[in-house]
2 protein chains.
Amino acid sequence: MTRLKATYEIESPVGVQRAAEVMAGEQSTGTFMRLASETDALRGRSAARLDHIEITGTSSHPALPCRLSAENYEQGRVTISWPMENFGPSLPNILATVAGNLFELAELSAIRLVDLGIPNALATGCPGPQFGIAGTRQLMGVPSGPMIGTIVKPSVGLSAKQTAELVSDLAKADIDFIKDDELQGNGPACPFADRAKLVMQVLNSAAQKSGRKVMYAFNITDEIDAMRRNIDLLESLGATCAMISLNSIGMAGLRAMRDHSPLPIHAHRNGWGLMSRSPHIGVAYSVMQKLWRLAGSDHLHVNGLANKFTEDDDVVTNSARAVQAPLSEARPHVALPVFSSGQTAWQVGPSMELLGNDDFLFCAGGGIMSHPDGPAAGITSLRQAAAAQKAGERVEDYAKDHPELAAALATFKSTVNRN
Amino acid sequence: MTRLKATYEIESPVGVQRAAEVMAGEQSTGTFMRLASETDALRGRSAARLDHIEITGTSSHPALPCRLSAENYEQGRVTISWPMENFGPSLPNILATVAGNLFELAELSAIRLVDLGIPNALATGCPGPQFGIAGTRQLMGVPSGPMIGTIVKPSVGLSAKQTAELVSDLAKADIDFIKDDELQGNGPACPFADRAKLVMQVLNSAAQKSGRKVMYAFNITDEIDAMRRNIDLLESLGATCAMISLNSIGMAGLRAMRDHSPLPIHAHRNGWGLMSRSPHIGVAYSVMQKLWRLAGSDHLHVNGLANKFTEDDDVVTNSARAVQAPLSEARPHVALPVFSSGQTAWQVGPSMELLGNDDFLFCAGGGIMSHPDGPAAGITSLRQAAAAQKAGERVEDYAKDHPELAAALATFKSTVNRN
């Protein structure tokens, strides 16, 4: 495949065929009036092509406010492709092409970008994850089983010293992974450099005793050069992970961090709902995670089963599977899915079952911190839940001989949809 | 004002008051279970505060798919504020706070961020536009009246040499401004460096004769370091403007370009529809343009009257006014609004009238290129339309003595909504 293929679900007041033609024109050689300079040779070289059109339904009213009106709004699925020569392997320019001036077209009353076919030339032209699943397991010292993580809470408000004290307790409790909250960047109340120094002092010293260094994802999100300096500081302190807010630093910012960082990039998707919650406009996670992997994300958030947000379990499961699926024949670029958001011992087993493996990072905040017997018991309860699933036992049965798990199940009401 | 204030229009299955509390908690010190470490002192220092709540209506069904259901979904407007100490003047971290993990909350069935109150400490802590309106007029040599611009079309497909030939014609036709299309970055078919060199050769040589250099906004959109190199090349060639795709390079990328660039930043918002077209989820342009100005955008696209997209004239007018409105008492950070999309001689006068001034850049593609007497007549027709408006004459009357304007009005059907 030498063309980039994007598939959209659309609805249109002018019919799916005509709307698809406008989309292809607008996003390549056309404008609202055909110009003499748009020659056949130029079109042959650079025009977007309609590869597939499928009519799926019709509606009597437009899904989104639309300047053009019609008696019926036809719905369908269209695939458009572009020659790689239009943009080369440049993700920022690809974004402007497949997700640019399309969402506003008056010829569309709904549009979602739902699939993206990655040509080998793009997969090989992008760096992809530097560590992925295997590299992360190695750095973390967790050869098998779900990696157990937590988030520093309260999200924001702890001083650097208080953060380090909390981290010390969590390290003693044998956690695998800790992350800053996405609200904790480099504010004056908890400066990044102070936090990094104090936390790594604790974790380096704990590693001396345990022989295993807890991975801490420091939220480096900031301006580009500040993020690079943050990474340099992290490296000098012996830290093993850098976290960024994808929607704050953008596709170019992500790639800049990938190119600069000797550490895995923990990619947080906060703000994701804006891009995907509406059924009528947006981008599917299956698409965005491909671009974020191409640009170099090692860990990608996928929400969690029975989360505090609004995505249902099917969406979450498909997102996690997508992150593990090979990106192209040429380069798989597999990343590590991160389950997070209202997670407790109840969701460990179902996550393993639905994903079909345990190559994921399972982050619980309250699910660890609010365990009645303390964080260590909270962490143990999650490992016990994984052991139960691996042994093929019901978690409630396994809990009979495992008091930490029993206490967790009792404390955190089951909200997981079980089949 | 020492706190950052964000106002949201929301709808909720749990009531506006409760939903607002969840929003404030989620975006500051809270999580789904209250932790012992969330002390009163910590809350006093760092918690988000509910400043205002207003109930505006109710609905029997949720506007967006929502995991929580209710008999009624209450609608309202809520203002939440944060202490600047939580994030400092860091726009990427502010974005994660005001537009982060909110859009997905199960307690919300609709959410739009509609206003942002900028504290002086933020306005003074950010660079803002380097050139703005006055600096752009000076560089362009257009002391008064609307600045007239065009877009290289076909959007993509011309070689560097063909682009320079087109630019030569446009310079001879006395245009003020030309921009690359957002689809034209640095693809193998039209490499950035080749294009920049050939185009600036033409424009420098034209300036020797005319005494005035056409401003060309080269689309530098790419990875961070490549964009910096692109800017360096532009500076060495005597170019006077750099264009970026905001949604491709992100807030941190924009700021990096502002800090590096000796040229004005022409900020293109392609993909904007994704953030704002749904009435139920998104961010208002009045908010995003503030952040984009703080980060250093000199020119900001606002669509155009009677455009080929779906925004109506009120939205466009309000967007243009917003870009010209002072950002805070401490620093106005005013930017130049750019009208674009299906613009012709018909829309010049109404744009001046609705905005109340002529401090804008008016970009017409087909409206110049497709003028029956050629691009020079197209450009003249736009200046004549501005003169008519300034003289207080109807454009149709003014056209009687101005053949270029008459031909434009006849060729491009009026689609402007006139009151």
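Given the stretch A:3-117, what whole percent of its Cα pairs are spread farther than 21 Å? The calculated P(r) of the stretch A:3-117 puts 36 percent of pairs beyond 21 Å. Bridge orientation summary for chain B: considering DSSP beta bridges with both residues in this region, about 50 percent are antiparallel.
Remark on B:Tyr216: its backbone amide H falls under 5 Å from those of B:Ile178, B:Thr240, B:Cys241, a criterion applied only to residues 5 or more positions apart or on other chains, H modelled at 1.01 Å from N.
Could you tally the net charge around B:Arg3, taking each other residue with its Cβ under 9 Å from the Cβ of B:Arg3, Lys/Arg +1 and Asp/Glu -1? Write down the numbers at each step before the final one.
Values: positive: B:Lys5, B:Arg49; negative: B:Asp51.
Summing Lys/Arg as +1 and Asp/Glu as -1 gives +1.
Across the stretch B:306-345, the convex hull enclosing all Cα atoms gives 67 Å³ per residue. Within chain A, what is the longest stretch that has no trypsin sites (Lys or Arg not before Pro) placed in a DSSP loop and near at most 15 other beta-carbon atoms within 10 Å? My reading of the result: A:213-393 is the longest stretch. Between identical copies, the spacing of B:Ser159 label points, each set 7 Å from Cα toward the C-beta atom, reads 6.7 nm from nearest to farthest.
Simple rule: put +1 on each Lys or Arg Cβ and -1 on each Asp or Glu Cβ in the protein assembly as shown, find the dipole, and look at B:Ala239, A:Ala325, A:Pro62; the Cα lying farthest toward the positive end is B:Ala239. Over the protein assembly as shown, the reciprocal of the mean inverse Cα-Cα separation, the Kirkwood hydrodynamic radius, stands at 27.7 Å. In this simple spin-label model, placing a label point 7 Å from the Cα along the Cα-to-Cβ direction at both A:Ser210 and B:Asp40 gives a separation of 3.5 nm. First measure r as the distance between the Cβ atoms of A:Asp51 and A:Glu71, then evaluate 1/(1 + (r/R0)^6) with R0 = 35 Å and state the FRET efficiency to the nearest 0.05. Here the calculated transfer efficiency is 0.75.
Beyond 15 Å, the tail of the calculated P(r) for the stretch B:289-374 holds 57 percent of the Cα pairs. Measuring between their Cα centroids, the stretch A:112-136 and the stretch A:270-304 lie 13 Å from each other. With R₀ set to 30 Å, the beta-carbon distance separating A:Asp312 from A:Gln201 gives a calculated FRET efficiency near 0.10. A simple charge model with +1 on the Cβ of Lys and Arg, -1 on the Cβ of Asp and Glu and nothing else charged puts the dipole of chain A at about 640 debye relative to its Cα centre. Panel note: the C-alpha atoms of the stretch A:254-311, placed on their principal axes, show extents of 37, 24, 15 Å (largest first).
Taking the DSSP bridge list for the protein assembly as shown and keeping only pairs wholly inside it, about 50 percent are antiparallel. Starting from the Cα gyration tensor of the stretch B:132-414, take the square roots of the eigenvalues, sort them a ≥ b ≥ c, and report rounded, prolate or oblate (rounded when a/c is under 1.5, otherwise prolate if a/b is larger than b/c, else oblate). Oblate is the answer for the stretch B:132-414, as a/c is 1.5 or above yet b/c matches or exceeds a/b. The label-point distance for B:Gln17 and A:Leu139, in a model that sets each label 7 Å from Cα toward Cβ, rounds to 4.7 nm. By Cβ position, the chain A residue that hugs the axis carrying A onto B most closely, with its distance in whole Å, is A:Gly250, 1. Give the separation of the Cα centroids, the stretch B:315-386 to the stretch B:3-45, in Å. Computed from Cα coordinates, the inter-centre distance equals 42 Å. The stretch A:205-242 and the stretch B:148-216 have Cα centres separated by 46 Å. For the stretch A:56-68, the Karplus equation 6.51 cos²θ - 1.76 cosθ + 1.60, evaluated at θ = phi - 60°, returns couplings of 10, x, 8, 9, 8, 9, x, 5, 10, x, 9, 5, 8 Hz by residue, with Gly and Pro reported as x.
Per-residue mean of other chain beta-carbon atoms within 10 angstrom of the beta-carbon, peptide A:103-115? Walk me through the numbers before you get to the answer.
Details: counts 11, 15, 5, 6, 3, 4, 2, 2, 3, 1, 1, 0, 0.
Partner-chain Cβ atoms within 10 Å, mean over residues of A:103-115: 4.
Put simply, the amide H of A:Thr58, placed in the peptide plane, has neighbours under 5 Å in A:Gln75, leaving out anything fewer than 5 places away on its chain. Shown for the stretch B:48-106 is the translational diffusion coefficient from the Stokes-Einstein equation, using the Kirkwood radius over Cα pairs, a temperature of 25 °C and a viscosity of 0.890 mPa s: 179 µm²/s. Note on chain A: helix-only mean residue ellipticity at 222 nm, from DSSP H runs of 4+ residues weighted -39500 (n - 2.57) and normalised by residue number, equals -12500 deg cm²/dmol.
Readers should treat all values here as calculations from the given coordinates under stated rules, not as data from a laboratory. These numbers come from a predicted model, not from an experiment. Backbone-built Cβ (ideal geometry, glycine too); neighbour counts: all protein chains shown.
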